[in-house]
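Trainee: My structure is below; once you've seen it, I'll send some questions.
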């Protein structure tokens, strides 16, 4: 066996880093929906979750605040699945990026937390931002604009995707 075959690069040892947005624990722990599309998304989320050890997962205080809302029993279940996942530290730069996203991508003001999720995943150096929020985050019309703004700020954007897209990685 040659020495070349024994050399393993660090990239091969590192798992892809995934920022888990609020919709993921929501779909994961919710009662099965009667809506067939939503039910399918819930199943896909569970399939991806079964593979979560293939990735390094991260969340933020924004995720924790959002999942803690609503029905106390449901909130407890959502918080429980996130217990061992490390939080990305919130910095001033996250707020700056989020404001830029709101202004330049033309996201509505009600999407402020969505912009904060994107900014947090960016500052955290995530490979992926995993979400079912296709209104403001995983929206194909917004993704190129989001990536452009982040690159103009000299950061590498995470790949924004749904569990459906990431289940095959």
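Trainee: Which condition number in (1) in contact with a strand residue (DSSP E or B) (Cβ under 6 Å, 6 or more places away or on another chain); (2) farther than 14 Å from residue 101 by Cα; (3) in a helix (DSSP H, G or I) is the one that residue 164 fails?
Mentor: Unmet condition: (1).
Trainee: Tally the residues that are farther than 18 Å from residue 41 by Cα, in contact with a strand residue (DSSP E or B) (Cβ under 8 Å, 6 or more places away or on another chain) and buried (at least 19 other Cβ atoms within 10 Å of the Cβ), restricting the search to the stretch 132-158. Please lay out each step first, then the result.
Mentor: As a first pass, look at the stretch 132-158 and keep what is farther than 18 Å from residue 41 by Cα: 141-158.
Next cut, in contact with a strand residue (DSSP E or B) (Cβ under 8 Å, 6 or more places away or on another chain) only: 143, 146, 158.
Checking which are buried (at least 19 other Cβ atoms within 10 Å of the Cβ) leaves us with 146, 158.
The number of residues fulfilling the criteria is 2.
Trainee: Given 121, 111, which one is more than 13 Å from the chain's Cα centre (by Cα) and closer than 30 Å to residue 151 by Cα?
Mentor: Residue meeting the stated conditions: 111.
Trainee: Is it the case, given these coordinates, that residue 98 is in a helix (DSSP H, G or I), more than 13 Å from the chain's Cα centre (by Cα) and more than 22 Å from residue 27 (Cβ to Cβ)?
Mentor: The answer is yes for residue 98.
Trainee: For the stretch 119-131, how many residues meet the condition of being surrounded by fewer than 24 Cβ atoms within 10 Å (Cβ to Cβ) and part of a helix (DSSP H, G or I)?
Mentor: Total meeting the criteria: 1.
Trainee: I've got another one for you. Which of the numbered conditions does residue 57 fail, given that it passes all the others? Conditions: (1) touching a residue at least 12 places away in the same chain (Cβ under 8 Å); (2) assigned to a helix (DSSP H, G or I).
Mentor: Single failed check for residue 57: (2).
Trainee: Scan the stretch 34-90 for residues that are within 14 Å of the chain's Cα centre (by Cα), surrounded by fewer than 15 Cβ atoms within 10 Å (Cβ to Cβ) and under 22 Å from residue 167 (Cα atoms) and jot them down.
Mentor: If the condition is that a residue be within 14 Å of the chain's Cα centre (by Cα), surrounded by fewer than 15 Cβ atoms within 10 Å (Cβ to Cβ) and under 22 Å from residue 167 (Cα atoms), then 86 is the only one that fits.
Trainee: Sort through 116, 103 and tell me the only one that's over 22 Å from residue 45 (Cα atoms), under 15 Å from the mean Cα position of the chain (by Cα) and not in a loop (DSSP other than H, G, I, E, B).
Mentor: When all the criteria are applied, what remains is 116.
Trainee: Here's a follow-up. Could you say which residue among 3, 53 is modelled with pLDDT under 95, over 28 Å from residue 157 (Cβ atoms) and out of contact with any helix residue (DSSP H, G or I) (no Cβ under 7 Å at 6 or more places or on another chain)?
Mentor: Selected residue: 3, the only one of 3, 53 that is modelled with pLDDT under 95, over 28 Å from residue 157 (Cβ atoms) and out of contact with any helix residue (DSSP H, G or I) (no Cβ under 7 Å at 6 or more places or on another chain).
Trainee: Also: Restricting to the stretch 100-125, name every residue that is farther than 12 Å from residue 136 by Cβ, at pLDDT 95 or above and out of contact with any strand residue (DSSP E or B) (no Cβ under 9 Å at 6 or more places or on another chain). Give the steps one after another, and end with the answer.
Mentor: Within the stretch 100-125, the first condition is being farther than 12 Å from residue 136 by Cβ, and the residues that meet it are 100, 103-104, 119-125.
Then drop every residue that is not at pLDDT 95 or above, which leaves 100, 119-125.
Of everything in the stretch 100-125, those that are farther than 12 Å from residue 136 by Cβ, at pLDDT 95 or above and out of contact with any strand residue (DSSP E or B) (no Cβ under 9 Å at 6 or more places or on another chain) turn out to be 100, 119, 123.
The values are calculated or read from the model by the stated rules, or taken from the named source; none is laboratory data. What you see is a predicted model; the values in this text were computed from it and never measured. Quick reminder, even Gly has a Cβ in these numbers, built from the backbone with ideal geometry, and neighbours come from all protein chains shown.
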